[in-house]
Amino acid sequence: IGCDRSSGLAGICKKRSFEVLLSDCLRLPLKSGSIDAAISIAVIHHLSTPDRRRAAFLEILRILKPGGRCLIYVWAKEQNRNSTKSTYLRFNPNKNHKSGAEGVEEVQKLFHDLALPVHTNRTNFTHSDVLVPWKRQGGGEFLRYYHVFEEEEFIELCKGLENSQVEKIYYDQGNWCTILRKI
């Protein structure tokens with residue numbers, strides 16, 4: 001069963017005959033202790049506070065059966081690891097363009113009074129909380145919030161959860177990842 005807040009993404013899944021529910025990651029519409037395994041990829045880094053991010057981890061653990069496992073991926077602030085650039089940095093179609101993303105300067109001018117910085121796509125992160133320009137398929141651009149996790153912050157979050165055991169924490173192509181087991 002898939003869960004997503006986006007009706008557009010849920011619609012894509014339905015067209016492919018997958019079971020999917022529209023839901024919020026902080027209030028999953030599933031019974032406690034009813035799931036063997038869960039995967040959360042590119043979700044939790046969109047939550048704006050440490051409390052909400054922790055609550056999302058706990059909500060995933062809530063639906064797991066005892067002994068159940070979850071795999072969680074979040075964006076890493078560290079996009080260079082062991083002298084290797086992440087795919088995010090390597091795939092830069094505008095690498096000779098100063099901004100790294102078409103139109104970023106215009107977006108920054110429009111939203112100059114925002115408290116959060118607008119990130120330049122396909123470049124290293126300089127802040128943990130950023131707005132990232134996102135282009136719509138039909139045209140236009142909007143800003144998406146991201147919290148990019150630092151290594152120690154992610155480890156502390158994973159190890160500080162009740163009723164779970166960290167099986168693994170690792171870095172994968174610009175993401176911090178964990179496998180947790182509910183105890």
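Worth a mention:
- Index of the failed condition, ILE1 passing every other in (1) farther than 20 Å from TRP134 by Cβ; (2) of a type in the set (Val, Ile, Thr); (3) modelled with pLDDT of 95 or more: (3)
- Residues of segment 132-183 that turn out to be under 26 Å from ILE35 (Cα atoms), out of contact with any Phe, Trp or Tyr (no Cβ under 9 Å at 6 or more places or on another chain) and not polar (S, T, N, Q), as a count: 11
- Selected residue (criterion: surrounded by the most Cβ atoms within 10 Å (Cβ to Cβ)) from residues of segment 53-78 that are among the basic types (Lys, Arg) and in contact with a Ser or Thr (Cβ under 9 Å, 6 or more places away or on another chain): LYS77
- Residue match in segment 3-13 (condition: of a type in the set (D, E, K, R), surrounded by 18 or more Cβ atoms within 10 Å (Cβ to Cβ) and in contact (Cβ under 8 Å) with a residue 12 or more places away in the chain): yes
- Scope segment 131-183; condition of a type in the set (Asp, Glu) and either without any contact (Cβ under 8 Å) to a residue 60 or more places away in the chain or in a loop (DSSP other than H, G, I, E, B) (or both); matching residues: GLU141, GLU150, GLU152, GLU153, GLU156, GLU162
- When we screen LEU116, LEU26 for residues that are under 25 Å from SER6 (Cβ atoms), at pLDDT 95 or above and outside the structural domain of ILE169 (by TED's automatic domain parsing), the only hit is LEU26.
The values are calculated or read from the model by the stated rules, or taken from the named source; none is laboratory data. Keep in mind that this is a model prediction, so the values were computed, not measured. Cβ atoms come from the backbone with ideal geometry, glycine included; neighbour counts cover every protein chain shown.
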